[in-house]
1. N196 fails exactly one of the following numbered conditions: (1) of a type outside the set (V, I, T); (2) within 30 Å of S135 (Cα to Cα); (3) in a helix (DSSP H, G or I). What is the number of that condition?
2. In segment 283-293, which residues are assigned to a helix (DSSP H, G or I) and either within 16 Å of ligand 1 (Cβ to nearest atom) or loosely packed, with under 14 Cβ neighbours inside 10 Å (or both)?
3. Of everything in segment 294-311, what is among the aliphatic types (A, V, I, L, M) and outside any loop (DSSP other than H, G, I, E, B)? Give them in sequence order.
4. Within segment 23-42, work out how many residues are more than 16 Å from ligand 2 (Cβ to nearest atom), among the β-branched types (V, I, T) and in a helix (DSSP H, G or I).
5. Can you work out which of the residues in segment 117-141 that are under 23 Å from N203 (Cβ atoms) and not hydrophobic (A, V, I, L, M, F, W, C) is nearest to ligand 2 (Cβ to nearest atom)?
6. Return the residues of segment 43-93 that are without any contact (Cβ under 8 Å) to a residue 12 or more places away in the chain and part of a helix (DSSP H, G or I); say none if nothing qualifies.
7. For D244, state whether it is more than 16 Å from ligand 2 (Cβ to nearest atom), under 27 Å from N63 (Cβ atoms) and not β-branched (V, I, T).
8. Suppose the filter is touching a Cys at 6+ places or on another chain (Cβ under 9 Å) and in contact (Cβ under 8 Å) with a residue 24 or more places away in the chain; does D181 pass it?
Amino acid sequence: MEKNNIEKEINFFNGKTNLQEDNKIILVTGGAGFIGSNFIRHLINKYPNFKVINFDKLTYSGNLNNLTTLEDNNNYVFVKGNVSDPKDVKTTFEQFNPDFVVHFAAESHVDKSIINPNIFLETNVLGTQIMLNYSREYKVQKFVQISTDEVYGSIQENCNVGEEGSLAPNNPYAASKASADLLLRVAYQTYGQRVNIVRACNNFGPYQFPEKFIPIIITNALQNKEIPVYGNGINVREWIHVEDHCRAIDTIMQDGKSGEIYNVGTGNKWRNIDLVEHILQKLDLKNDLISYVLDRQGHDIRYSVDSSKIRKQLNWEPQIDFETGLEQVISWYKNHLDWIEEINSGEYAAYFKEIYKPRMMDTD
Ligand code: NAD
Ligand code: TYD
């Protein structure tokens with residue numbers, strides 16, 4: 001990418017030479033996505049002295065509308081770039097010389113990865129290696145990898161997996177994230193880079209792209225559309241509000257011991273079908289919107305993490321109880337129908353058809 005393609009606020013760097021000790025430059029990749037945009041808002045609100053660079057390729061799930069409130073903020077700058085393109089990454093490190101890198105950028109949807117795994121390897125594996133290479137060259141203080149509990153694969157009933165659990169991914173997305181985690185291990189072991197890996201359970205919250213389960217439930221229900229439930233609906237997921245995840249990442253970025261992995265969870269687990277019925281009940285709607293569809297291939301039955309390490313060692317714990325979080329998110333989607341409308345009018349509509357048409361048992 002040519003330098004002049006980089007959208008940079010001219011005055012962004014004013015003051016870098018006068019930085020006080022607690023001033024930090026944080027390079028956030030994938031900051032136009034769901035968790036990344038919530039994390040950027042968290043940083044900007046909490047640390048008036050931090051400068052945040054959002055480096056994002058703006059794929060289908062990247063949306064600058066997620067960050068409109070920050071457009072005029074001098075501590076925030078957006079750079080359009082691709083983590084798998086060394087030129088884009090190098091130019092950004094040269095220009096901003098970040099203190100910390102928090103690496104969210106990824107292809108993030110399991111169903112998509114089953115259809116087209118290649119881009120998952122390119123972005124999630126190669127992209128992570130390129131980010132690590134330049135972080136080393138530019139002597140970044142800490143590289144925080146946003147991984148996922150899906151790297152552990154399906155967890156047996158009555159068990160929670162700890163950080164020492166084996167990597168046993170069961171779909172291309174999870175395999176690409178597990179591979180990236182191994183590259184982090186290598187960066188630490190071989191090159192002595194300061195790194196952390198964060199493995200959170202399923203997130204929900206404002207700005208989540210409607211391909212994921214909770215937004216699908218809410219947005220379809222609000223539009224009186226069928227809610228697709230894969231298989232028999234008994235798969236279990238553990239849910240965390242995105243703001244609790246963001247607080248955990250912040251804590252790990254600042255206090256995590258280098259080389260360590262931290263699971264982030266709540267213990268709040270739901271069978272998919274129970275969750276759909278619960279949300280429908282909250283919306284005063286009947287269960288007849290539920291439509292059982294063909295199962296996902298290799299569908300993990302159950303995710304469940306042991307998050308005692310971050311709780312004991314870093315004093316983090318979730319603050320948003322599930323019911324409160326769910327009600328907040330339902331109102332958020334109700335108040336952002338234009339946000340959904342815009343997504344539905346783009347390529348997402350075609351994707352929705354591609355994924356769900358063959359799944360619908362009743363349709364020909
Ligand atoms: P998302 O799909 O909403 O956002 C991904 C962002 O990355 C988008 O803004 C996209 O434009 C950007 N991106 C994609 N490819 C890129 C590339 N080549 N270069 C630069 N930017 C690129 O995803 P999300 O749900 O916010 O997930 C963010 C991270 O958190 C991912 O690494 C994911 O594996 C991890 N994670 C997600 C969850 C969850 O429940 N959503 C749970 C645990 C971990
Ligand atoms: P998802 O949000 O895709 O997250 P992940 O697969 O990474 O956990 O899916 C959460 C659960 O919901 C998972 O068990 C698959 C299921 N699911 C459905 O039943 N219907 C859907 O339309 C989607 C997207 C997911």
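The values are calculated or read from the model by the stated rules, or taken from the named source; none is laboratory data. This is a predicted model, so every value here is computed, not measured. Cβ atoms come from the backbone with ideal geometry, glycine included; neighbour counts cover every protein chain shown.
1. In the conditions (1) of a type outside the set (V, I, T); (2) within 30 Å of S135 (Cα to Cα); (3) in a helix (DSSP H, G or I), N196 misses (3) alone.
2. N287, D288
3. Result: V305, I310.
4. 1
5. The qualifying residue nearest to ligand 2 (Cβ to nearest atom) is N124.
6. N45, T68
7. yes
8. Numbers: touching a Cys at 6+ places or on another chain (Cβ under 9 Å): no; in contact (Cβ under 8 Å) with a residue 24 or more places away in the chain: yes.
Against the criterion (touching a Cys at 6+ places or on another chain (Cβ under 9 Å) and in contact (Cβ under 8 Å) with a residue 24 or more places away in the chain), D181 does not qualify.
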